[in-house]
1. Those residues that are aliphatic (A, V, I, L, M), without any contact (Cβ under 8 Å) to a residue 60 or more places away in the chain and out of contact with any Phe, Trp or Tyr (no Cβ under 9 Å at 6 or more places or on another chain), I need them from region 8-34; list them, please.
2. Six or more apart or on different chains, Cβ under 7 Å: which pairs go from a residue in region 88-105 that's touching a residue at least 12 places away in the same chain (Cβ under 8 Å) to one that's in a loop (DSSP other than H, G, I, E, B) and of a type in the set (A, V, I, L, M, F, W, C)? Could you list them?
3. I'm told Lys45 meets every condition in (1) in a strand (DSSP E or B); (2) touching an Asp or Glu at 6+ places or on another chain (Cβ under 7 Å) except one. Can you identify the failing condition by its number?
4. Among the numbered conditions (1) in contact (Cβ under 8 Å) with a residue 40 or more places away in the chain; (2) farther than 20 Å from Asp130 by Cβ; (3) buried (at least 16 other Cβ atoms within 10 Å of the Cβ); (4) not aromatic (Phe, Trp, Tyr), tell me where Thr37 comes up short.
5. All but one of (1) more than 22 Å from the chain's Cα centre (by Cα); (2) in a helix (DSSP H, G or I) hold for Phe36, so report the exception by its number.
6. Output the residues belonging to region 118-141 that are modelled with pLDDT under 95 and acidic (Asp, Glu).
7. For Ile121, are the conditions met, namely being free of Cβ contacts under 8 Å to residues at least 24 places away in the same chain and either hydroxyl-bearing (Ser, Thr, Tyr) or part of a strand (DSSP E or B) (or both)?
8. If I go through region 58-89 residue by residue, how many of them are of a type in the set (S, T, N, Q), outside any strand (DSSP E or B) and either modelled with pLDDT of 95 or more or surrounded by 12 or more Cβ atoms within 10 Å (Cβ to Cβ) (or both)?
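The values are calculated or read from the model by the stated rules, or taken from the named source; none is laboratory data. What you see is a predicted model; the values in this text were computed from it and never measured. Positions of Cβ are generated from backbone atoms using ideal geometry, with glycine treated the same way; all protein chains shown enter the neighbour counts.
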Amino acid sequence: MTSDSGQKVLMAKIGAAHGIRGEVRVKPFGDDPLSFTDYGVLTSKDGARSFEVEKARVQKTVVITKFRNVNDRNQAEELNGVELFIDRDQLPDPDEDEYYYSDLNGLSVVDQDGNALGKIIAVQDFGAGDLLEIRPRRGRTFYIPFTKDFVPDVSVSTGRVTAHLPEDYFSEDSSDSSEAASPDK
């Protein structure tokens, strides 16, 4: 698997302060909410600030986290909105048919006939499963479900994704094609 040296991967984002002892709410990104605590020192995107987790506990949809040298609410409040990163090479290689979102960004997307559809600019999840956000050469971005049916082939090494889309996928006709029967008089 290819990766740029120094490529950063977003692991979590610091939210509001929690209590008066320097704890913060952290929104983790990943399947395991505590996974961001497994990689040692986390950094801000520019690398100027570093954060070491002293303790963390899951509470509903966030992880209440205490960072070293953050000892009161005022210090904790200053961290609100800070994104936490690790270097890409710290992550284990994904299993077959598993991908890190950061590895998908920038891949070319082609249809089943090899025609270019665009490039992946993001992987989104609005609650119903992962969606690839595609930027075509012209026009608005669009989404395709990131499932085996829609995306049967992903090759990070060649930088290419094949998408199988239904013929009417880009149709903007939202009306019901069935016509109501009109009564005879």
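1. Those that are aliphatic (A, V, I, L, M), without any contact (Cβ under 8 Å) to a residue 60 or more places away in the chain and out of contact with any Phe, Trp or Tyr (no Cβ under 9 Å at 6 or more places or on another chain): Ile20, Leu34.
2. Hits for this filter: Asp93/Met1; Tyr99/Val156; Tyr100/Leu91; Asp103/Val156.
3. Lys45 satisfies all of (1) in a strand (DSSP E or B); (2) touching an Asp or Glu at 6+ places or on another chain (Cβ under 7 Å) except (1).
4. Of the numbered conditions (1) in contact (Cβ under 8 Å) with a residue 40 or more places away in the chain; (2) farther than 20 Å from Asp130 by Cβ; (3) buried (at least 16 other Cβ atoms within 10 Å of the Cβ); (4) not aromatic (Phe, Trp, Tyr), the odd one out for Thr37 is (1).
5. Just one mismatch for Phe36, condition (1).
6. Asp125, Asp130
7. yes
8. 5
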